[in-house]
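Enquirer: Dropping the structure in here first, questions after.
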Amino acid sequence: MSSEEQLQWILTQADAVMTNLGIDETEAVVKLRDNFHHLDQDMQNIHQMKSPGGFTCFCGKHYKTEGHFRRHLCKVHKWKFHVPPKTESLGDAVSCFLRMACLLFDTNDAYKMADGERCTRNAKLEWLYASATKHYKYQLWLWRMVSYTIALLSPRESFEYKWNISTNLVGGVDKNIPNDNCVELQVKTIKNQLKTQGANKSFNSARVITLTTQVLDDVKMNVMKENNTLHSSRVRPGVDKRTDIMAIANCILSMCSGQVTDLEWKSFVKFKKPLESIDAVKLYQWIDENKIISNNTMLN
Ligand SMILES: [Zn+2]
């Protein structure tokens, strides 16, 4: 087989794996989008009756809070608000794990390649996963990242943010690291240099250090290069995973007597797909609250 034929073969296999395991399935996202669409319509209908200090119904009654007003509309005017249908479908844990693993792998790769566009695109799906698995800190962080890049910043600033999403310290196409990791490294260097000053450290000396660490590092590297000094490698040695992969393959083969079909994972019998377990109403309210917060604070 030529190398191109080999590539084609491996791409076909990857496609087959993606389809068979349902990794490219988008059903949960489509359902969530439909729910949000209906909730949006309800919200628009209510906001049409917004008045100073609350809501005024078309029958003349005034309500201070949205909850009371909604109850009035249901009780007196027989309005029906959208209630997302309950989905209790059990999911395939392996498929979900692989999908999240692919997402993580792709995001890591995007940061290494300084592909800001891909990082922000993946952040939308990561935000959904963070919301589903109740990782509130990451949910908020990813929400802010996405809303800044697509809505709050000017097109020019948004482009700049995506362009400068990672930093290259050692050279090489795929050797970029995320900017916050770079800041951590910088802080560590600055702290180390401050320690060498002992009792003489002051605000001014700290300022000088922060301005000169990069230059000092370059000078040091140059001297080391000129003197042919050996320096410790910055790259970690790769981990040999062959034993692990053989152990996994042997475990699967022993469960299926030589042929892998319809595996049952006893530990994950009650597994639910994370994206299907999202409470659409709660997430919608969360977005609404955060829109208000962004409107008031994030631009200042
Ligand atoms: Zn009314």
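Enquirer: Checking Leu98 against (1) surrounded by 15 or more Cβ atoms within 10 Å (Cβ to Cβ); (2) at pLDDT 90 or above: exactly one of these is not met. Which one?
Expert: Checking Leu98 against (1) surrounded by 15 or more Cβ atoms within 10 Å (Cβ to Cβ); (2) at pLDDT 90 or above, the one that fails is (2).
Enquirer: When only residues in the stretch 50-73 that are surrounded by 12 or more Cβ atoms within 10 Å (Cβ to Cβ) and within 30 Å of Leu275 (Cβ to Cβ) count, which is nearest to the ligand (Cβ to nearest atom)?
Expert: Arg70
Enquirer: Right, next: At least 2 residues that are of a type in the set (A, V, I, L, M, F, W, C) and crowded, with 17+ Cβ neighbours inside 10 Å in each: list the helices (runs of 4 or more DSSP H) lying fully within the stretch 123-206 that qualify. So that I can check it myself, show each step before the final result.
Expert: Working: elements: 136-147, 155-163, 179-195.
Because the criterion is at least 2 residues that are of a type in the set (A, V, I, L, M, F, W, C) and crowded, with 17+ Cβ neighbours inside 10 Å, the helices (runs of 4 or more DSSP H) in the stretch 123-206 that meet it are 136-147.
Enquirer: Of the conditions (1) touching a residue at least 60 places away in the same chain (Cβ under 8 Å); (2) not hydrophobic (A, V, I, L, M, F, W, C); (3) not assigned by TED's automatic domain parsing to the domain that holds Leu98, Lys191 satisfies every one except a single condition; which number is it?
Expert: Every listed condition holds for Lys191 apart from (1).
Enquirer: Considering each of Val83, Val76 in turn, give the residue that is within 11 Å of the ligand (Cβ to nearest atom), of a type in the set (Val, Ile, Thr) and farther than 30 Å from Glu264 by Cα. It would help to see each step written out before you state the result.
Expert: Numbers: Val83 fails: within 11 Å of the ligand (Cβ to nearest atom).
The conditions single out Val76.
Enquirer: Take residues that are in contact (Cβ under 8 Å) with a residue 60 or more places away in the chain and tell me which of the helices (runs of 4 or more DSSP H) falling wholly in the stretch 1-119 contain 3 or more.
Expert: 27-47, 93-112
Enquirer: Taking only pairs six or more apart or across chains, which ones have beta-carbon atoms under 8 Å, a first residue in the stretch 143-162 that is within 11 Å of Lys124 (Cβ to Cβ) and without any contact (Cβ under 8 Å) to a residue 60 or more places away in the chain, and a second residue that is in a helix (DSSP H, G or I) and of a type in the set (Phe, Trp, Tyr)?
Expert: Here the result reads Val146/Trp127; Thr149/Tyr161, each pair linking the stretch 143-162 to a residue that is in a helix (DSSP H, G or I) and of a type in the set (Phe, Trp, Tyr).
The values are calculated or read from the model by the stated rules, or taken from the named source; none is laboratory data. The model shown is predicted, which means the values in this text are computed figures rather than measured ones. Glycine gets a Cβ as well: all are built from the backbone with ideal geometry, and neighbour counts include every protein chain shown.
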